[in-house]
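S.K.: This is the structure, below, for whatever I ask next.
The values are calculated or read from the model by the stated rules, or taken from the named source; none is laboratory data. On a predicted model such as this, the values are computed, not experimentally measured, just so you know. Positions of Cβ are generated from backbone atoms using ideal geometry, with glycine treated the same way; all protein chains shown enter the neighbour counts. The accessibility values were calculated without ligands, DNA or RNA, using every heavy atom of the protein model including side chains. Shrake-Rupley method; radii C 1.70, N 1.55, O 1.52, S 1.80 Å.
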Amino acid sequence: MDERLAFVFITGLSGAGKSYAIKSFEDMGYYCVDNLPTTLIPTFADLIARSGQTIRRVALGVDVREGEYLSHLLEAIRELKTRGHRVEVLFLEAGEEALVRRYHETRRRHPLAGEGGNVLEGIRAERKAMSHMREIADRIVDTSALTVHQLKERLVELYGTPKTRVGLAASLVSFGFKHGVPFDADLVFDVRFLPNPHFVAALRPLEGRDPRVRDFVLQNGESQALLEHLKDFLRFLLPRYEREGKAYLTVALGCTGGRHRSVALVEELKRFFDELGYAPSVVHRDLDRE
């Protein structure tokens, strides 16, 4: 008997964390295959679906090494969807500075570096070659500022457990503007106008989930007004996104360092999302930064 499967195609730029992502998906119970020729993917899906095994979630690694087979990926994805399987494309990327640093640290050769071994040229060539994959991606995750442990935490938040509500999958992210705006955010709110616990000696070493910091942030009248405006806005927006078929929504709140105000407010918004039935994933991206 045929079974419907869930496929995640893991792709992106070399050095952005694809190999580690595949290991993370393995740890989450996915059946993982790296660089399976794209023309074989529909046949591979049929074999799994008809095998009677308990495999229901599959992660497939696809990168620039696929060469000419990469052009057949869109056809394979359409075929899987036609057969009723759930398909998602995850694209991992990072900035040029981060990628160059990683290649220099590991002393690995970039697959498109050419005879001269120029890493930067290889990165730019690959970014161009993979641009169409980025365009069709359901999720884009920028790993520039993530450690491998943070990347795994992010993937577990996004893919580790089924959402309680079918439809829109929501993510809440706290961050510090001095570390850059999250690349994959759909909505970004700047909360730097609120009083900063960093300038209170007793609160500076603490973080936004500590009750003392939370009270300092949330008991401010402007914080309460901001939350009410955000809740009204999101209460209006979320069902309309669902109506239009949007699958994912990432809401990011940023303060200066990403340790106090944005963290406290994201935790408060999580309760609001839970009440609406969205069970959002939560990522405090810069919580451990200085």
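S.K.: Looking only at region 93-107, decide whether some residue is farther than 30 Å from residue 288 by Cα and touching a residue at least 24 places away in the same chain (Cβ under 8 Å).
M.R.: no
S.K.: Let me ask something else about it. For the structure I just gave you, tell me whether residue 168 is open to solvent by less than 70 Å² (accessible area, probe 1.4 Å), out of contact with any Asp or Glu (no Cβ under 6 Å at 6 or more places or on another chain), under 30 Å from residue 88 (Cβ atoms) and of a type outside the set (S, T, N, Q). Break it down into steps so the answer makes sense when it comes.
M.R.: Numbers: open to solvent by less than 70 Å² (accessible area, probe 1.4 Å): yes; out of contact with any Asp or Glu (no Cβ under 6 Å at 6 or more places or on another chain): no; under 30 Å from residue 88 (Cβ atoms): yes; of a type outside the set (S, T, N, Q): yes.
Taking the combined requirement at face value, the residue does not satisfy it.
S.K.: Give me the pairs: first residue in region 141-156 and open to solvent by less than 30 Å² (accessible area, probe 1.4 Å), second residue β-branched (Val, Ile, Thr) and not in a helix (DSSP H, G or I), beta-carbon distance under 6 Å, and six or more apart or on different chains, which are they?
M.R.: 151/143; 154/283
S.K.: Given (1) modelled with pLDDT of 95 or more; (2) closer than 23 Å to residue 157 by Cβ, identify the lone condition not met by residue 226.
M.R.: So the condition that residue 226 fails would be (2).
S.K.: Quick one: which of 125, 113, 129, 137 is closer than 23 Å to residue 182 by Cα and either in contact with a Pro (Cβ under 8 Å, 6 or more places away or on another chain) or of a type outside the set (Lys, Arg) (or both)?
M.R.: None of the others qualify; the one that does is 137.
S.K.: Could you list, ordered by first residue, the pairs with Cβ atoms under 8 Å in which the first is in region 198-219 and open to solvent by 50 Å² or more (accessible area, probe 1.4 Å) and the second is of a type in the set (A, V, I, L, M), at least 6 apart or interchain?
M.R.: Hits for this filter: 209/263; 209/264; 212/202; 212/203; 212/206; 214/264; 216/200; 216/203.
S.K.: Would you mind telling me which numbered condition in (1) modelled with pLDDT of 90 or more; (2) under 22 Å from residue 125 (Cβ atoms) residue 31 fails?
M.R.: Looking at each condition in turn, residue 31 falls short on (2).
S.K.: Show the residue pairs that are 6+ apart or on different chains and have beta-carbon atoms under 7 Å apart, the first residue being within region 168-180 and free of Cβ contacts under 8 Å to residues at least 60 places away in the same chain, the second being open to solvent by 10 Å² or more (accessible area, probe 1.4 Å).
M.R.: Close Cβ pairs (under 7 Å, with a partner that is open to solvent by 10 Å² or more (accessible area, probe 1.4 Å)) amount to 180/145.
S.K.: Taking into account only those residues within region 229-256 that are at pLDDT below 95 and not in a helix (DSSP H, G or I), which is surrounded by the most Cβ atoms within 10 Å (Cβ to Cβ)?
M.R.: Once the filter is applied, the top-ranked residue is 250.
S.K.: I've got another one for you. Please verify whether residue 223 is surrounded by 21 or more Cβ atoms within 10 Å (Cβ to Cβ) and of a type outside the set (A, V, I, L, M), treating the condition exactly as stated. Break it down stepwise before answering.
M.R.: Details: surrounded by 21 or more Cβ atoms within 10 Å (Cβ to Cβ): no; of a type outside the set (A, V, I, L, M): yes.
When the stated conditions are applied, residue 223 does not pass them.
S.K.: Evaluate region 179-188: report whether one residue or more is within 30 Å of residue 98 (Cβ to Cβ), at pLDDT 95 or above and either open to solvent by 40 Å² or more (accessible area, probe 1.4 Å) or in a loop (DSSP other than H, G, I, E, B) (or both).
M.R.: In the first step, residues of region 179-188 are kept if they are within 30 Å of residue 98 (Cβ to Cβ); the result is 179-188.
Remaining after also requiring at pLDDT 95 or above: 187-188.
Filter once more, keeping what is either open to solvent by 40 Å² or more (accessible area, probe 1.4 Å) or in a loop (DSSP other than H, G, I, E, B) (or both): 188.
Yes, because at least one residue in region 179-188 is within 30 Å of residue 98 (Cβ to Cβ), at pLDDT 95 or above and either open to solvent by 40 Å² or more (accessible area, probe 1.4 Å) or in a loop (DSSP other than H, G, I, E, B) (or both).
Conditions tested, residue by residue: (1) on the phi > 0 side of the Ramachandran plot; (2) at pLDDT below 90; (3) not basic (Lys, Arg).
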position	(1), (2), (3)
92	no, no, yes
115	no, yes, yes
141	no, no, yes
154	no, yes, no
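S.K.: Of the residues that sit in region 49-63 and are under 16 Å from residue 86 (Cβ atoms) and modelled with pLDDT under 85, which one is farthest from the chain's Cα centre (by Cα)?
M.R.: So the residue we want is 49.
S.K.: Looking at this structure, is residue 289 open to solvent by 50 Å² or more (accessible area, probe 1.4 Å), modelled with pLDDT under 95, outside any loop (DSSP other than H, G, I, E, B) and of a type in the set (Lys, Arg)?
M.R.: No; evaluated as a whole, the condition is false for this residue.
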